[in-house]
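The values are calculated or read from the model by the stated rules, or taken from the named source; none is laboratory data. No experiment lies behind these values; they were computed from the predicted model shown. So basically every Cβ, Gly included, is an ideal-geometry build from the backbone, and we count neighbours across all protein chains shown.
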Amino acid sequence: MALSCPDGEQTAQLTFFGLFALQHRGQEAAGIAVADGKRARLYKDAGLVTRVFTPKRLAPLVGYHAIGHTRYSTTGSSAARNAQPFLVETMHGPLALAHNGNLVNAAELRTELLGRGFGLTATSDTEVLALMLAAASGRSWEDRLERTMPAWKGAYSLVLLGADRVVAVRDPWGFRPLSVGRLPDGGHAVASETCALRTLGCTEVREVAPGEIVTLHGHEVTSRQALTPAGRGARCSFEFVYFSRPDSEWDGSSVHAVRQRLGEELARECPAVADVVIPVPDSSIPAAIGYARESGIAFNDGLIKNRYIGRTFIEPTQHLRERRVAMKFNALSANLAGKRVVVIDDSLVRGTTAGPLVTLIREAGASEVHLRITCPPIAHPCHMGVDMGTYDELIAHRLSIEELRVHIGCDSLAFLSLDAMMRAIGRADGYCNACFTGHYPIEVGDVAEKGAFEGVLA
């Protein structure tokens with residue numbers, strides 16, 4: 001999240017509202033950095049946005065330019081030292097950086113920095129980005145970015161805060177989303193999802209193009225094409241399946257509408273004889289509506305979610321995921337007893353949630369439970385900014401579909417095919433589907449695991 005506002009008194013507060021709209025993208029830590037033309041200030045801490053930022057903590061964050069971040073760890077642990085933004089003093093003035101994505105060559109770049117005598121205080125690839133920019137030559141931050149970006153391999157949608165501006169940039173493959181819009185007062189904002197920009201009342205919203213650098217300076221917005229977009233784009237299809245909020249737009253399409261089409265494709269491809277269709281709230285609700293509409297089976301609520309519990313998929317450890325599932329859902333017996341139930345879920349990653357949910361639905365009296373998943377089996381790790389673990393952690397890599405069905409305890413299990421998923425998205429190509437296929441759009445080599453840099457900094 002980033003803003004450049006003519007009214008410096010509201011900048012931090014508006015950034016807070018934007019981060020609150022993006023809370024679903026990361027729940028481990030939150031931070032805001034501001035600059036007033038000369039100095040930069042930063043506050044960040046572990047926890048949710050509303051816990052980290054009270055009115056007292058927001059009050060000193062006065063400036064015309066700001067960036068903010070909600071952390072979801074993909075490189076580096078969830079320790080407080082890895083919270084973003086990172087703020088450093090450079091020969092060019094203050095520099096703060098926040099980053100969504102994952103560099104596949106982070107280990108190589110980190111080793112190079114250490115070899116040049118840099119001291120590292122964190123284990124995140126975002127610190128590597130910040131230090132490389134701090135040492136780069138050039139007349140402006142835009143020049144330094146343009147000179148440094150060719151060394152970065154992988155996914156990065158990032159925002160940079162200088163003393164007098166905000167700069168946003170997206171990798172040439174376009175892995176992760178990033179959009180810019182005009183604020184009602186004439187300033188500008190950048191965010192990972194359009195829902196945050198709409199929350200702030202932005203108009204003239206557009207995506208930052210792959211390889212593009214966009215500079216926000218109050219009423220002014222300028223851009224340059226720093227890198228040629230990759231010949232084949234690699235947008236993350238999982239943004240549609242799970243990650244993005246349904247009221248966001250991605251690649252010109254409504255996330256909610258695509259999810260409904262995923263459900264419709266699933267009903268055509270993986271039918272079931274049943275009495276009721278229920279979603280696993282919340283991200284599967286649109287798909288369940290689509291499945292019910294296409295199949296003619298009644299839609300109803302069957303699981304009630306405790307909305308004060310965060311997303312289990314993006315918890316940093318398996319133990320925490322398992323405990324959260326136990327607290328997260330209750331079943332509605334009145335809608336399930338004696339019924340043949342189709343359960344729509346968006347994905348099956350580690351297999352932590354599905355089994356307990358099937359048990360919960362059976363205990364509520366369901367006579368049959370048929371599980372339908374709105375994407376193909378996830379059998380390969382993501383190296384581009386989604387924490388999908390290692391091969392050993394991905395249950396669809398270890399088990400066949402029938403073995404999965406037995407493990408979960410449902411009467412039938414089916415996944416949407418890759419072709420049907422792409423029909424629902426409305427594109428034949430231009431997307432990264434490596435977590436389903438194992439075909440990565442860039443060479444990943446021996447990518448360092450999430451905690452690979454934790455050995456020294458305990």
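Consider the stretch 337-389 and keep the residues that are surrounded by fewer than 22 Cβ atoms within 10 Å (Cβ to Cβ) and among the charged types (D, E, K, R). The one that is nearest to the chain's Cα centre (by Cα) is Asp387. For beta carbons closer than 8 Å, sequence separation of 6+ or different chains, a first residue in the stretch 138-152 that is touching a residue at least 12 places away in the same chain (Cβ under 8 Å) and a second that is surrounded by 15 or more Cβ atoms within 10 Å (Cβ to Cβ) and acidic (Asp, Glu), the qualifying pairs are Met149/Asp171; Trp152/Asp171. Assessment of the stretch 180-199 against the conditions (surrounded by fewer than 18 Cβ atoms within 10 Å (Cβ to Cβ), over 21 Å from the mean Cα position of the chain (by Cα), in a loop (DSSP other than H, G, I, E, B) and among the charged types (D, E, K, R)) yields at least one matching residue. A single entry from Leu97, Leu109 fulfils the requirement of being in contact with an Asp or Glu (Cβ under 9 Å, 6 or more places away or on another chain) and surrounded by 22 or more Cβ atoms within 10 Å (Cβ to Cβ): Leu97. The set of residues from the stretch 274-324 being basic (Lys, Arg) and either in the same structural domain as Gln27 (by TED's automatic domain parsing) or at pLDDT 95 or above (or both) comprises just one member, Arg293. In this structure, Ala420 does not qualify as small (Gly, Ala, Ser), at pLDDT below 95 and either in the same structural domain as Ala366 (by TED's automatic domain parsing) or closer than 23 Å to Leu360 by Cβ (or both). Contact annotation: residue pairs with Cβ atoms under 8 Å, 6 or more positions apart or on different chains, pairing a residue in the stretch 78-92 that is under 19 Å from Ala66 (Cα atoms) with a partner that is of a type in the set (Phe, Trp, Tyr), are His92/Trp141. Considering the stretch 220-271, the residues that are under 24 Å from His380 (Cα atoms) and either free of Cβ contacts under 8 Å to residues at least 12 places away in the same chain or hydroxyl-bearing (Ser, Thr, Tyr) (or both) include one that is surrounded by the fewest Cβ atoms within 10 Å (Cβ to Cβ), namely Gly231. Summed over the stretch 130-153, residues that are within 16 Å of Ile213 (Cα to Cα), of a type in the set (Ser, Thr, Tyr) and out of contact with any helix residue (DSSP H, G or I) (no Cβ under 6 Å at 6 or more places or on another chain) total 1.
For Arg176, the test of being within 23 Å of Glu443 (Cα to Cα), assigned to a loop (DSSP other than H, G, I, E, B) and not acidic (Asp, Glu) is passed. Look through the stretch 145-163, keep the residues that are at negative phi and assigned to a strand (DSSP E or B), and return whichever of them is farthest from the chain's Cα centre (by Cα). Ranking the qualifying residues of the stretch 145-163, first place goes to Leu161.
When Leu87, Leu95, Leu61 are checked against the criterion of being closer than 15 Å to Ala122 by Cα, at pLDDT 95 or above and not charged (D, E, K, R), Leu87 stands alone in meeting it. Only a single item in (1) more than 23 Å from Phe16 (Cα to Cα); (2) at pLDDT 95 or above is not met by Ser77, and it is number (2).
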